[in-house]
Each structure stands twice: as structure tokens, then as C-alpha cells.
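The values are calculated or read from the model by the stated rules, or taken from the named source; none is laboratory data. The structure presented is a predicted model; accordingly, all values stated were derived computationally and were not measured. Reconstructed Cβ throughout: ideal geometry from the backbone, glycine too, with neighbour counts over all protein chains shown. Surface areas here come from the heavy atoms of the whole protein model, side chains and all, with no ligands, DNA or RNA. Shrake-Rupley method; radii C 1.70, N 1.55, O 1.52, S 1.80 Å.
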Amino acid sequence: MSIEHSRLPLLALTGSRIAGLNADEVELKSVAWRNLYSIGEVSVVNARIAGQADLAAASFTNVRGHALVLDESEIRGGLFLRGLSARGEVRVAGARIFGPLDLAESTLVNPNGDALAMYNAQVDGDVRLRRSVVQGQIHAIAVKINGQLSLSLANVTSRSDLALVLNNARIDGGVLLRGAVLSGGIRAAHARVAGDFNLSGATIRSDRVEALSLEAATVGVVYMRPAQAKGGANLAHADIGALMTGPVLPEPLEATGWTIRAIEGPVHDDWRTARAWLDSGPTYSSQPWHEVAAVLDRSGQPTEARRLRAAAAHRGTRFVPWYAKPLRWAYGALAGYGYYPMLAAGWLAIVFSVVLALTIAASASFIPTAPEDALEASLSSSEPGPVRPTGATSCAEIKSSYPCFQPFEYALGATLPAAATSTAEHWEPEGPALVGALSALRAFAWILTALLLAGVTGLLRRA
């Protein structure tokens, strides 16, 4: 049946049975095709329909090709396909629909290709696929929808890797997938969704690609609360106003370059959950970790933010060259990668204790820096010559003008660069072993002091 290039006030085929239809480039005031039954392709390409196109409960079958084609058509009153049954591809590519596109409770079957192709279409109302059963891919690249795209409670099964493709789409009212079941991933790279991208209660199973890809997309609110998610999430370079998380998070996560303004749910409430999700990716970038930490800071959780930043630094150690790992390990152990500078204070106290114990145990191995000034004239007068004093010599046998050896003061001066004590200035160790040990401990103490000061002033974190 062919009526192409016709101008008709009304084409009423309600309840009719036909063997296909060619209505390309027709001009109609309205279309009334409720319960139409067609075996063969129904083509309405580049048509102009001034009113509604009502095809509710229609049935189209063309198993090896296109079941219904409305490419490049202009429909002024909305396209109503509720309850549609189609075996073969349904196409509205490039169509301009001044109203809703209603496919709720429909059955679309084209398992080896696109069940619904609506790329480059523009719809002024909602696109409704609520409670629909779709076997095949929903292909909506560069679609423009001024309302919502609703697939709540829908069941979409695709033999290709992707069940729903929304790359470069512009959707003003949000994407609703609440309670939907999808066998295949969702890809919305570079899409702009002004409202919600809602996955609450959804089940997504994807074996070869990410369950959800919002790479470089801009989304108002992402409800990452699926009931089940097999496959990872690609949120790299995404701009997300708010991320609402749930107990099930798609892993692995790729989020390099993402921007998030607010987070709610387990990722916000438990930094360990955030760490586990961020750590699930195969590669490492510190930016996603610090982005989440910044959100925690803004929400009044500085302690959790600091823990997450320290965890990011620890994670980064795995990816530095082997020769840099020991230095990173030491940095983490001594100063918590700059986020826990008081660790350096603890290590400094340990070094001081070691120096003090060593000084007390080896006091006889300390001698005055100026022995002739320390020696009393009456000291050991029975001996043929003067006896050299040591740290073990009684203070009564040392000149009153010369500082007596005090182990605590010496340890303090040897450990802290700023603590210049008279004991450290006037007494020195002798013997290569003692000199070497104290020199190493002094150098270690000075490094710890530098780490402590740099950490307290924030220089380490800024670095």
C-alpha cells in the first residue's frame, strides 16, 4: 500500500490489517492508527503531521528489517505509541516531535540490532518507555528531549555490549531508570542531563563494557543506587552536581578528572567505603580521591577528608618507579605523607629516648671539648700527671666554671637543632662507633624536625 507524497486531512486505519505501507513525504492533519496490524514495513519518512499521531496498541512485524520508520518526520501533536508491539526496528531518527513520544508498556523486538533508533531526534515532551519490554538496543545518540526519558520498570535485553546509548544527548528533564532491568551497559558519553540520572533499584548486567558510562557528561544529580550492577562505572571527566550513592556501587570505577559538588550516602558517610570504591579502578589518579575529599571538607568532615587524602597518597606509592618506593614508604611511615605530621613528633621522641639511653650507658666515652679548662688543679694530685675527665667523672671533680656532663641536656641538644645546651657544646663523644651512631641519630632527628615543621605549616600537603 502506497500513499507517498499525498496530502490528506486524515488517514484513519484504526483496527485495519495491512501488508505494509509507504507514506513517505505525506502531509496529514492527524493520524489515527490505533490497533493497526501490519505485516511488512510501515514507512512514514519525512512526513508532516499537523496534529497527533495516534498508533496506540498497534502491531508491526517486519522481522528482517524496519517495522516502523518515522525518520525526519515532523509531528506537531505528539507521537502516541503506548502498547505498541513491533517485531523489527522502530525508527524515529531525526524526527521533530512537538509533544511527547509515548512508548510505555510496549514490546519492541529486534534482538540483532536497534529495537528503537531515535538518534538526532528532537522531542518537546517526555519520552516514555515505562514498563516496556525491549529486545535489542535503544540507540539515541544526540537526541534532544525537553522532558524526561523514562525507562522505569522497563526490561531491556541487548545482544550487543550496550542496551542504552545516549552519547551527546541533551535531556532537560532527567533519565529515569528506577527498577529497570538492563542486560547490557548504559553509555551517555558527553551527554547533558539537566535533571536526575536515576538508577535507584535498577539491575544492570554488563559483561564486556561498563555498566554505566557518563564519560565527560554533565548531570544534575546521579542516583547511583542500583539494586545490582555487574560491570564498572566510567565517570571520567564527568561534571556531577550531586552524587547519591547506595550500598551497591558499580566496580571498577574510572573517575579521572571528574567534578562533584555534593555527595550523599555511604561514600559520604564512611571514608572506608569511598576508599574501597576509588581503589577499585585498574589505574591510579589522585584527582578523584582529592575531589571526594574536598566534598567531605565542605560538608564539615575534615578528619575523613584527611584520611582519604592520606589513603590516596598511599595508593599512589604502588605506581611510582621501584627506586622511588623506599623513599615514599619512609615518607608515609614518618609523616603520613604530610597529612599526619605528628607522626614525626612521635618518631622524634623515640630518637631522643635512644640518644638519652645511649648517652647514659656510654657516659664514660664522653670527653670535654676543652680538657684543660675542665680539669681541677687538685684532681688526682697523687698521680704523676693530670687525669682526663669524662662524662662519668663526678661534678665535684670538674671545675665549677665548666659545665658538668648532663645526659638529658646532651640528648636534647643532639636531637633538636634549636635546643643548644651547654652540655652539647662542651662535651663530645669519642670512639668511631659512638660518634657514628650519634651522628646518624642526630641527622635522623633533624630530618624528623624538618618534616614536623613542614607538616604543621602545611608545606608538605601543598607540595
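In segment 201-355, the portion of solvent-accessible area held by carbon and sulfur atoms comes to 58 percent [1.4 Å probe, whole percent, DNA, RNA and ligands not counted]. Taking Cα centre as origin and charging only the Cβ of basic (Lys, Arg, +1) and acidic (Asp, Glu, -1) residues, the dipole magnitude of the chain rounds to 1580 debye.
3J(HN,Hα) along segment 69-79, derived from phi through the Karplus expression 6.51 cos²θ - 1.76 cosθ + 1.60 where θ = phi - 60°, amounts to 10, 10, 4, 6, 7, 10, 10, 7, x, x, 10 Hz, with x in place of Gly and Pro. A cut-off of 5 Å between modelled amide H atoms, ignoring neighbours fewer than 5 places along the same chain, links THR107 with LEU84, SER85, ALA86, VAL133. Note on the chain: antiparallel DSSP beta bridges, both residues inside, total approximately 5 percent of the bridges counted. Electrostatic tally near SER6: other residues with Cβ closer than 9 Å to its Cβ, Lys and Arg +1, Asp and Glu -1, net -2.
Based on protein heavy atoms only, the chain ends up with 44 Å² per residue of surface accessible to a 1.4 Å probe.
Measuring nothing but alpha carbons in segment 209-289 and taking Rh as the Kirkwood radius, the Rg to Rh ratio lands at 0.91.
Taking 26 Å as the straight-line reach from the Cα of LYS144, the lysines in range (excluding those fewer than 8 positions away in the same chain) are LYS29.
The HN-Hα couplings worked out from phi for segment 101-115 by the Karplus form 6.51 cos²θ - 1.76 cosθ + 1.60 (θ = phi - 60°) are 10, 9, 10, 4, 6, 9, 10, 10, 10, 7, x, 9, x, 7, 6 Hz, whole numbers, x standing for Gly and Pro. Spin-label pair VAL435-ASP269: with each label point 7 Å from Cα along the Cα-Cβ axis, the two points sit 6.4 nm from one another. Taking amide H positions as modeled 1.01 Å from N, with prolines and chain starts lacking one, the residues under 5 Å from ALA67 and 5 or more places away or on another chain are GLU89, VAL90.
Ranked highest first by average number of other Cβ atoms within 10 Å, how do 85-91, 345-351 line up?
Result, highest mean first: 85-91, 345-351.
Note on Rg/Rh (Cα atoms, Kirkwood Rh): of the candidates (i) 1.20; (ii) 1.02; (iii) 1.39, the value calculated from this structure sits at (iii).
Each Lys or Arg adds one and each Asp or Glu takes one away; over the other residues whose Cβ falls under 15 Å from the Cβ of ARG48, this sums to -3. With the charge dipole of the chain set up from +1 on Lys and Arg Cβ and -1 on Asp and Glu Cβ about the Cα centre, the Cα lying farthest toward the positive end among the listed residues THR61, SER213, TYR402 is that of THR61.
What percent does the relative contact order of the chain come to when contacts are Cα pairs within less than 8 Å and at least six residues apart? Mind dumping the intermediate values first?
Values: 1310 pairs, mean separation 26.0, N = 463.
About 6 percent, as a whole number.
Each other residue within a Cβ distance under 15 Å of ILE367 adds +1 if Lys or Arg and -1 if Asp or Glu, for a net charge of -4. Relative contact order, whole percent, for segment 8-57 stands at 41, derived from Cα pairs under 8 Å and 6 or more residues apart.
Leaving out ligands, DNA and RNA, what percent of the accessible area of segment 61-166 is carbon and sulfur, probe 1.4 Å? Spell out each step's value before the answer.
Working: 1520 of 3650 Å².
C and S atoms contribute 42 percent here.
In the chain, taking the dipole from charged Cβ atoms about the Cα centre, the farthest positive-side position among PRO250, VAL90, GLY174 is held by VAL90. Residue by residue, segment 120-136 carries 3J(HN,Hα) couplings of 6, 6, 10, 10, 7, x, 7, 10, 10, 10, 4, 6, 7, 10, 10, 10, x Hz when phi is fed to the Karplus relation 6.51 cos²θ - 1.76 cosθ + 1.60 (θ = phi - 60°); x denotes Gly or Pro.
Can you give me the span-like helices of the chain, meaning DSSP H runs with 30 Å or more of Cα extent along the axis and Kyte-Doolittle mean at or above 0.5?
Qualifying helices, which must be both long enough and hydrophobic enough, are 432-457.
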